[in-house]
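Participant: Please read through the structure below; I'll follow up with questions.
The values are calculated or read from the model by the stated rules, or taken from the named source; none is laboratory data. Everything numeric in this text was worked out from a predicted model, so none of it was measured. FYI the Cβ positions are ideal-geometry reconstructions off the backbone, even for glycines, and counts take in every protein chain you see. Each accessible area value is taken on the protein alone, full model and side chains, heavy atoms only, with ligands, DNA and RNA left out. Shrake-Rupley method; radii C 1.70, N 1.55, O 1.52, S 1.80 Å.
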Amino acid sequence: MFKRDEGMTTNGRPREFKKEAVIDAATDVFWSKGYEASSTQELCEKTGLGKGSLYNAFGSKNELFEQVLQRYNDEGLEISREILGRSIPVKDRLRALFEWAIGMDFSDPNHRGCMAVNISMERAGRDPMVERIFGQYIYDLEEDLISVMEEAIQSGEIPAERSAKQLASLFLSSYYGLRVMNSATMNRELADRIVESTLDVIF
């Protein structure tokens, strides 16, 4: 007797499912456990799809993971751009971006931190797909930050002799260092000090 795929109806047709809901469920698994520790069985249980249906829809665990990571980074970049594009002083925009990240980190009861950072630390150097997606995200965010720093220099918020590119790099290093530290220590007072110290150096 052949075992019927749990993602199939009794007449053999695949059950309908919403792709976004499946990616949501898979994101929770990968974010909580990382790539290597996330089993196909657990992905099937969380998404509600049988193995055959999961692979028919996404190709493989790695291809599903690619869609999860790409969407996570796309959504993160969209939020960052909304914050950096606000009609308020640049210093307040950068503080708001820090505060958004801190809010994400400290509101998660599982202290999972930034999934993109976690995955990059786990897979970088071994997975070209991860390097490509995260590398593109960092490039795009850095370009946005350079534009914001240039705006602040032109408006006089930042002294004219400062380098927008160097300041963007400084912000990025503080921002991602903060994300790692938050998940490890959950020390809100220290996080706030790092934010203010970084902004003091930039401005």
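Participant: With the chain treated as a Gaussian network of Cα nodes joined by springs under 10 Å, which of E20, E45, E189 yields the largest mean-square fluctuation?
Facilitator: Between E20, E45, E189, it is E189 that shows the largest mean-square fluctuation.
Participant: Would you mind checking the tilt of helix 19-33 against the longest principal axis of the Cα atoms of the chain, expressed as 0 to 90 degrees and rounded to 10?
Facilitator: Its long axis makes an angle of about 70 degrees.
Participant: Cα axis of helix 61-84 to longest principal axis of the chain: angle in degrees, 0 to 90, nearest 10?
Facilitator: 30
Participant: How far is helix 188-202 tilted off the main Cα axis of the chain, in degrees rounded to 10, range 0 to 90?
Facilitator: Value to nearest ten degrees: 50.
Participant: Sorted from largest to smallest, which semi-axis lengths in Å does the alpha carbon gyration tensor of region 70-203 give for its equivalent ellipsoid, taking the root of 5 times each eigenvalue?
Facilitator: In descending order the semi-axes read 25, 18, 13 Å.
Participant: What does the helix-only formula give at 222 nm for the chain: each DSSP H stretch with n ≥ 4 adding -39500 (n - 2.57), the total divided by the residues, and the result rounded to the nearest 500 deg cm²/dmol?
Facilitator: -24000 deg cm²/dmol
Participant: So what is the accessible area of the chain per residue, in Å², with the probe set to 1.4 Å?
Facilitator: I get 54 Å² per residue for the chain.
Participant: Please return the longest range in the chain lying between exposed loop sites, taking trypsin sites (Lys or Arg not before Pro), DSSP loop only, at most 10 other beta-carbon atoms within 10 Å, and leaving the sites out.
Facilitator: Value returned for the longest uninterrupted segment is 19-125.
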